[in-house]
Each structure stands twice: as structure tokens, then as C-alpha cells.
Amino acid sequence: MTAFKRKEEIYDVAISGGGVAGSTLAGLLGFQGFNVCLISGESKPEWNPDKHYPRVNAVNHASIRIFKHLGIWQDIRNKRVNPYYQMQVWESDTKGAIEFDAAELRVPHLGAIIENTVLTSSLHDFAEQQPSVSIIEKSRLESLSANDDGLGLHTDSGHEVSCRLLVGADGIDSVTRSLSSIEKREYKSGQQAIVAEVSASNYDGHTAWQVFLPNGVVALLPLNEGRCSLVWSCDESHFRTLMALNDAAFCEALTSSFEDRVGAIALGGVV
Ligand SMILES: Cc1cc2nc3c(=O)[nH]c(=O)nc-3n(C[C@H](O)[C@H](O)[C@H](O)COP(=O)(O)OP(=O)(O)OC[C@H]3O[C@@H](n4cnc5c(N)ncnc54)[C@H](O)[C@@H]3O)c2cc1C
């Protein structure tokens, strides 16, 4: 069983899921003195500066304000943060386009692309430092039952927790949602996405690019050292075609999608 120092018999709030949403809420509530138990499905997130994590978050000014309020923005910046100052979006067919510029909008930047692990590692450190927050690592909410005080929670690692309020922040297949019989509506979008780290020969390093193609949407989000995060979403048949290409042909298709605006695109590090 994972070590867990119980701080309360009954918590004001238990949070299932220690991703960005769950760990931010745990930090914010703990900061205000609420007794919180964070049930984190994963082990403590550790950030390694030598590794690049493909899962990223586009973080806007409102979210940055929350991190500043918690006093962790500097810690996040010291790890790795990639602000973007321009955004160029267009449709390949019609050439209809829209662009945003931080200078024109009189803001320091439009937002920042930040690796998920950068955020979660700082958020977990912060939550851990709050005297009223307990964290159960590597443990998943499995079942719940109503009791006189609120809810009894049971995890797959054998922990039992009582709380007055349970928050489900446990991702796309939320166990909290299914245990609470909250209905969901699902429909097939027929879309798949390819996510990769790429670099482009004429990339300025501070513009977010997005092009709407007849069969999908391709975005390049700036990371540091000339790298960008690629998100290419498209219908399933085009996805299969793209996945069947070799690296050179894939990069050629990608380069021509961007109409050579960012130069030649290659997979991985700096070209
Ligand atoms: C490959 C990839 C690329 C992405 N790219 C971008 C991007 O470019 N820009 C952008 O803004 N966003 C991007 N996203 C999305 C972004 O990462 C998510 O929107 C965001 O991280 C969701 O945060 P969350 O805390 O809600 O959920 P998650 O990050 O999904 O966290 C949920 C947590 O709950 C835990 N959990 C699950 N079940 C249980 C349980 N029963 N008990 C306890 N814990 C449980 C999981 O282990 C997980 O740690 C990307 C996502 C992926 C996967």
C-alpha cells in the first residue's frame, strides 16, 4: 500500500485525479485552509530538464494568474515555458485568415505552451507543502458509499477516505462520473490526431500556426530551442494514409500543408 499520512478523519474535499485540473484545485483549496485529500492515480510527477514531454498545455492569461496567485509561476518558468506572441490561422481552400498579435492587443504575450509534467510537478510540490492537503499517490478511486458525514471513498490500493465533497478530476474516462451515475453523451467524431515534436527551418519560435485543410486541422505550437509541438487532426481515412507514409513523405505532406510559411519541417529536434 502507498504511504499516506492521514491528516483528517473527514476531509472537506477529496479530489480524484492529480492532473493539471485536480492538482490546481488541491493547491487552491489547501491555500485557503480547506482540508483536502488528493487521490492521485499516478506517482508523484518528476520533471527532468533533459527530457521533452510531448503532452503539452496551451495556458492562457487567466490560468497564469492562478499560478501567480499560488506563487508557483516562477518555479514553472524556471523549468520550461514557451510564450507565444502571434497566432496565425487560415483556411487553405478560401485563404480566409485571422491573426492575433500580442503587441497589437497590448499584452505581454498571448499565452504559453507548457509541458504537462512541468505544470503537474510544480502543482504537486505546492499541494504537498500545504499543511491541510494530504496526497495519496499511485492510487485510484474504485468505489464510494454514502455515510452519515458525507461520502466514504475506497481506492484500489486499499485506502479508505471520508469526505464531505468529492470532485472528479480524473480525466476523460472519469471513474467519479460513472460511480456518481452522471450520464454522458458520446458520439463518434470520426477524427484521429497525430501528435509529435517537429522542427521547421524558418520557424520564428514564437508564433502558433493553425491551418484548416479540407480533411483536417494542423497546428504547430512553439516549444523552445526551435522545436514545435505538432497536432494534426483529420478524418480516419486520411489518418491511415498519413500513418502509412515514411518519415520523409510525412514531413513533405506537413511542409506543404503549411504552404512553406515555416520552411521545411522535420521530425524531432532542430533542423
Ligand atoms: C498527446 C496529448 C497532446 C495534447 N496536446 C495539447 C495541446 O497542445 N494543448 C492543450 O491545451 N492541451 C493538450 N492536451 C490536452 C491536455 O493535456 C489536457 O486537456 C489536460 O491535461 C487535462 O487535464 P486534467 O487534469 O483534466 O486531466 P488528466 O491530465 O487526464 O488527468 C487526470 C488524472 O486522473 C488520474 N485518474 C484517472 N482515473 C483515476 C481514478 N479512478 N482515481 C484517481 N485518479 C485517477 C489519471 O491518472 C490522471 O493523472 C493534450 C493531451 C494529450 C493526451
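Considering only residues in the range 156-170 that are in a strand (DSSP E or B) and either in contact (Cβ under 8 Å) with a residue 24 or more places away in the chain or among the hydroxyl-bearing types (Ser, Thr, Tyr) (or both), the one that is farthest from the ligand (Cβ to nearest atom) turns out to be Arg164. Only a single criterion out of (1) in contact (Cβ under 8 Å) with a residue 24 or more places away in the chain; (2) in contact with a helix residue (DSSP H, G or I) (Cβ under 9 Å, 6 or more places away or on another chain) is not satisfied by Ala58, namely (2). For the range 81-93, state whether one or more residues are β-branched (Val, Ile, Thr), within 15 Å of the ligand (Cβ to nearest atom), under 18 Å from the mean Cα position of the chain (by Cα) and not assigned by TED's automatic domain parsing to the domain that holds Leu165. Scanning the range 81-93, I find at least one residue that is β-branched (Val, Ile, Thr), within 15 Å of the ligand (Cβ to nearest atom), under 18 Å from the mean Cα position of the chain (by Cα) and not assigned by TED's automatic domain parsing to the domain that holds Leu165, so the answer is yes.
Restrict the check to the range 110-119 and report whether at least one residue is of a type outside the set (A, V, I, L, M), in contact with a strand residue (DSSP E or B) (Cβ under 8 Å, 6 or more places away or on another chain), farther than 24 Å from Arg227 by Cα and not in a strand (DSSP E or B).
no
All of Ala14, Ala3, Ala21, Ala58 fail the test of being at pLDDT below 95 and outside any loop (DSSP other than H, G, I, E, B), apart from Ala58. The residue that is nearest to Ala196 (Cα to Cα), counting only those in the range 222-250 that are part of a strand (DSSP E or B) and touching a residue at least 40 places away in the same chain (Cβ under 8 Å), is Ser229. For the range 169-194, the set of residues classified as of a type in the set (S, T, N, Q) and out of contact with any helix residue (DSSP H, G or I) (no Cβ under 9 Å at 6 or more places or on another chain) consists of Ser174, Thr176, Ser178, Ser180, Ser181, Ser189, listed by residue number. Kindly indicate whether Val198 is at pLDDT 95 or above, buried (at least 17 other Cβ atoms within 10 Å of the Cβ) and in contact with a Leu (Cβ under 9 Å, 6 or more places away or on another chain). Considered against the rule, which asks whether it is at pLDDT 95 or above, buried (at least 17 other Cβ atoms within 10 Å of the Cβ) and in contact with a Leu (Cβ under 9 Å, 6 or more places away or on another chain), Val198 comes out as no.
Looking at the range 110-151, which of the residues that are closer than 19 Å to Ser178 by Cβ, within 15 Å of the ligand (Cβ to nearest atom) and small (Gly, Ala, Ser) is surrounded by the most Cβ atoms within 10 Å (Cβ to Cβ)?
Ser139
Among the residues of the range 103-133, those that are over 23 Å from the mean Cα position of the chain (by Cα) and among the small types (Gly, Ala, Ser) comprise Ala103, Ser132. Within the range 96-109, the residues that satisfy the criterion of being in a helix (DSSP H, G or I) and small (Gly, Ala, Ser) are Ala102, Ala103. Residues of the range 31-50 that are more than 10 Å from the ligand (Cβ to nearest atom) and surrounded by 24 or more Cβ atoms within 10 Å (Cβ to Cβ): Val36, Cys37.
The values are calculated or read from the model by the stated rules, or taken from the named source; none is laboratory data. None of the values given here were measured: they were computed from a predicted structure. When we count neighbours, we look across all protein chains shown, and the Cβ atoms used for this are built from the backbone with ideal geometry, even at glycine.
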